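Asker: Below is a structure I'd like to ask you about.
What follows is calculated from the coordinates using simple rules that are stated; it is not laboratory data. What you are looking at is a predicted structure, and each value in this text was computed from that prediction instead of being measured. As a convention, Cβ positions derive from the backbone with ideal geometry for all residues, glycine included, and neighbour counts pool all protein chains shown.
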Amino acid sequence: MARKKKRDSKSVPSIWFVWLTIAILVLLVVWLWMRLSANNVPSGVGALIWAGVFLVFFLFGLMRYAQYILPYRNQDSWGDGFYLLLRPYLEGISTIFTPQAQGRRPVRNANIPNSFRDMGAGMVRSHEVLALAAGSAFSRDAGSGFVRLALGEVITDIIDLRPQTRTEEVAANTRDGIPVQTAVTVKFRVRRSETSSEDPDLLYPYDKDAIFQIIQLNSIDSEAGVRPWTEQVAPQASSLLVTDLAQHTLNQLYQTDAAGRTPLDDIKDRLRQQLSRQFDQYGVEILSVSIRPLGLPLRVQEQRIETWQADWERKIQMAQAAGNAEAVRRIRRARARAQIEIIEGIVQNVEAAKRSDNTNLIKIVTLRALDVLNHAMDNDMAQTKLPDAVITNLVQDATKQIEHMLERQDEPQKGGA
């Protein structure tokens, strides 16, 4: 900062020097007028005197309007404004007597105000900063607000401090040789530092060291000419993405973990880290990286749909088979439960018939079996679990078992008789 103030003090004449010059000119004009008025005035001397008077009034007029030139008001604003008003006249005179300096850098950006070309000063937008050079070397950064160029300074670049977004189309191949189409979008800006900006009210604070680093990032392309720093981040992200996609198969790129993350999410994180490490040395801060969903050829899409359909059909068949097995198991359990209830009821009826000495046991047992079946079928669970064919089989099985049991009980009685 001390060096910059020293340069400004040398490049701009002090207000006291201006006042002293005007006072000397006025005294000189008065002295000549008094000296020549005593004698006869030679031809042409009066014209010179009047020219000197006009020059004095012209300088006073410039000083009068100099206080309204600059937007700020301090002890140097009057002298700076007077210097800006005189600079076009001084440069016009210097170009007549001195040749133009060789190797002077032209302004690369045509969007700068004309006042910088004409008067070497002007207003810089709040989101811009000027990169200035003295000779062939970077001198300083300037902006935003009012900026005055020192003698010998030229504008090499205008840097936009707003966040920049660039998108690059990507064509890559997976590890299994499938071509994919996507795009990578990078959001970045000039590196910021809370302690680097002198004015805390700046809308877009920036790191002053980053301006010099960004200037070094600009390159020259044989086809497109000068490639600014804003057009070099997205192509680098594209090349890194192509390399990363080649390390995964297509199925791996579509897999998800328990948290719902895909390999593309991990690739985005790696891209952001790699770009940050690469461009931090050039004063560029990477804000975010996003990847567009993969675009596949039509043939690959149809094949993936068929594979997906076959997988779901297999899952459906497995679910249906599991459901059928569960239904069979429940039917068997219900059948066994119903048989147990029927047999228990029939046995009780047989014992009751024996106690009553009723000889027509088969008819009685059959009727009681039907009553027990009707009671068993009143159960809602049995009605929902047992089909009609199962119920018919239960009746037939129960009747056969009862007849067989009664025949075995009657055989000992006949033998005894």
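Asker: Between F58 and N324, with labels modelled 7 Å along Cα→Cβ, what's the label distance in nm to one decimal, could you check?
Answerer: My value for the distance between the label points is 11.0 nm.
Asker: Then there is this: So what does log10 I(q)/I(0) come out to for region 279-342 at q = 0.22, 0.28 Å⁻¹, using the Debye formula with one equal point on every Cα and no solvent?
Answerer: One equal scatterer on each Cα of region 279-342 leads to -0.95, -1.09.
Asker: Also: Pop out the ³J(HN,Hα) list for region 294-307 in order, Karplus 6.51 cos²θ - 1.76 cosθ + 1.60 with θ = phi - 60°, rounded to Hz; leave Gly and Pro as x.
Answerer: 3J(HN,Hα) across region 294-307, in whole Hz: 5, x, 10, x, 4, 5, 5, 4, 4, 5, 5, 5, 5, 5.
Asker: Taking Rh as the Kirkwood radius, which is the inverse of the mean 1/r over Cα pairs, what is the Rg/Rh value for region 164-296? Intermediate values should be presented prior to the final figure.
Answerer: Working: Rg = 17.3 Å, Rh = 16.4 Å.
Ratio of gyration radius to Kirkwood radius for region 164-296: 1.06.
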